[in-house]
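Here the structure comes first, spelled out in structure tokens, and everything after it is commentary.
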Amino acid sequence: MSLPTYHGLAHGAARLGRAVVLGLPLLVVVPAAMAQQPGGPPPAVGVAPVASRPVTQVNEFIGRIEAIDRVELQPRVTAFLQERLFEEGAEVKKGDLLFRLERPPFEASLQVAQANVAQAQAQLQNANLTLGRAQSLLSTPAGQRSTVDAAIAAARTAQAQLLSAQAQERQAQIELDYTEIRAPVSGRIGRATMTPGNVVSPSSGALATIVSQDPMYVSFTVPTRTLLELRDRYMPRGGFDAVSVKVRLPDGRVYGQSGKLDFIDIDVGRDTDSIALRGRMPNPPQSANQGGGRELVANQLVTVIVEAVQPVALLTVPRAAVLTDQRGNFVYVVGAENKVERRSVRIGAESTPELAVIAEGVKEGEQVVVEGLQRVRPGAPVSPAPVTAAASNVGTPAANTPPGAAAGAT
């Protein structure tokens, strides 16, 4: 080996030795800093008690608004449509004249029927006179029994002819009345399918449709299992009288009027295993400054809210205390010696965005962690303090917590 090469190796070894010596203090200092962490104080967390609060029980379903009365105006006779007497889309009252058909032909038919009645009355009167004379002569030598019998038959025939003529008169009067089509119910009338000048008949179809406005039905279907749960929940408290029905309109607003359940169907749908329910909702007209009209419209798709009339006491925690991972919903409970315990819970259907109703998993009075969840580990001690009122009443839904996002989730 040459001398320069030897010196180069020696110089490199010296530099490496200095680096190792300089690095030793760092190796000593880092573990010392880490060793100080376990000796620190327990993390501070905010806790709230599991409390029994009055909660209004609510269930929501998809439903549709239906008119109680729906009438299609059909022509009953064949005639020219002479006049339309309403504004399309307006509200009409029972008995209002809506269409007028051509009347003269029916008036003439009525006059013919009335003349036939008068003729039949005259024939009956004459038959009765003949019968009277025949009966008076029966006690004399000129009288014959056969003559009396013939007179009786003639009188009865005349009586039958009069009844037939009167029936034809009533039929002619009915057909004349059919030339005026009136509203059979109060409600809102739709578009007219025929314009004046057209010939209409019973086979022409509906001239217009009227749907009643106040009150309205709201129909919806409920799975059989849910219906049984609702029955068990409300039957001891009065059945239908224990719940009210509200609707959420398509724009997200809750309709200002409440209704009542009034019907449960007698059959369960074979394909859906659900049963139809119906509520009755008031639908008064709006004031002028609200635009007039009515809020509920027939065949409108809405969300039906079945709500308990009286709230019930249920165990609740702030919604922010409920976390979710792959194993389901859970909370952190502060137990003995301020150690944290993970507790799986079942959330009730009555939960709101602010409060979670706990069906099982915790007991009243236990303390659950609401703030500082990211610093919590199961089995580790914490330093609990009552959470602020605002934080205990406002939280995020458990469904918004992604799996594994909770501290200590496994």
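The values are calculated or read from the model by the stated rules, or taken from the named source; none is laboratory data. Computed from a predicted structure; not experimentally measured. Positions of Cβ are generated from backbone atoms using ideal geometry, with glycine treated the same way; all protein chains shown enter the neighbour counts. Please note that ligands, DNA and RNA were not included when accessible areas were found on the heavy atoms of the full protein model with its side chains. Shrake-Rupley method; radii C 1.70, N 1.55, O 1.52, S 1.80 Å.
What the table below lists for this structure:
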{"quantity": "Qualifying lysines (Cα of each under 30 Å from Cα of LYS246; at least 8 residues distant if same chain)", "calculated": "LYS93, LYS94, LYS260"}
{"quantity": "Sequence-distant residues sharing a close amide H with GLY348 (under 5 Å, placed H)", "calculated": "VAL357, ILE358, ALA359"}
{"quantity": "Cα-centre dipole for segment 63-131 with unit charges at Cβ (Lys and Arg positive, Asp and Glu negative), debye to 20", "calculated": "220 debye"}
{"quantity": "Förster-model FRET efficiency, 51 Å R0, VAL309 and SER383, C-beta, rounded to 0.05", "calculated": "0.70"}
{"quantity": "Model label zone, VAL58; criterion: amide N under 12 Å from point 7 Å along Cα-to-beta-carbon; scope segment 337-352", "calculated": "350-352"}
{"quantity": "Rounded accessible area of GLU337 (nearest 10 Å², 1.4 Å probe)", "calculated": "150 Å²"}
{"quantity": "Which of VAL148, THR130, VAL200, positive extreme of dipole for segment 107-234 (C-beta unit charges)", "calculated": "VAL148"}
{"quantity": "For VAL370, distant residues with modelled amide H under 5 Å away", "calculated": "GLY46, VAL47, ALA48"}
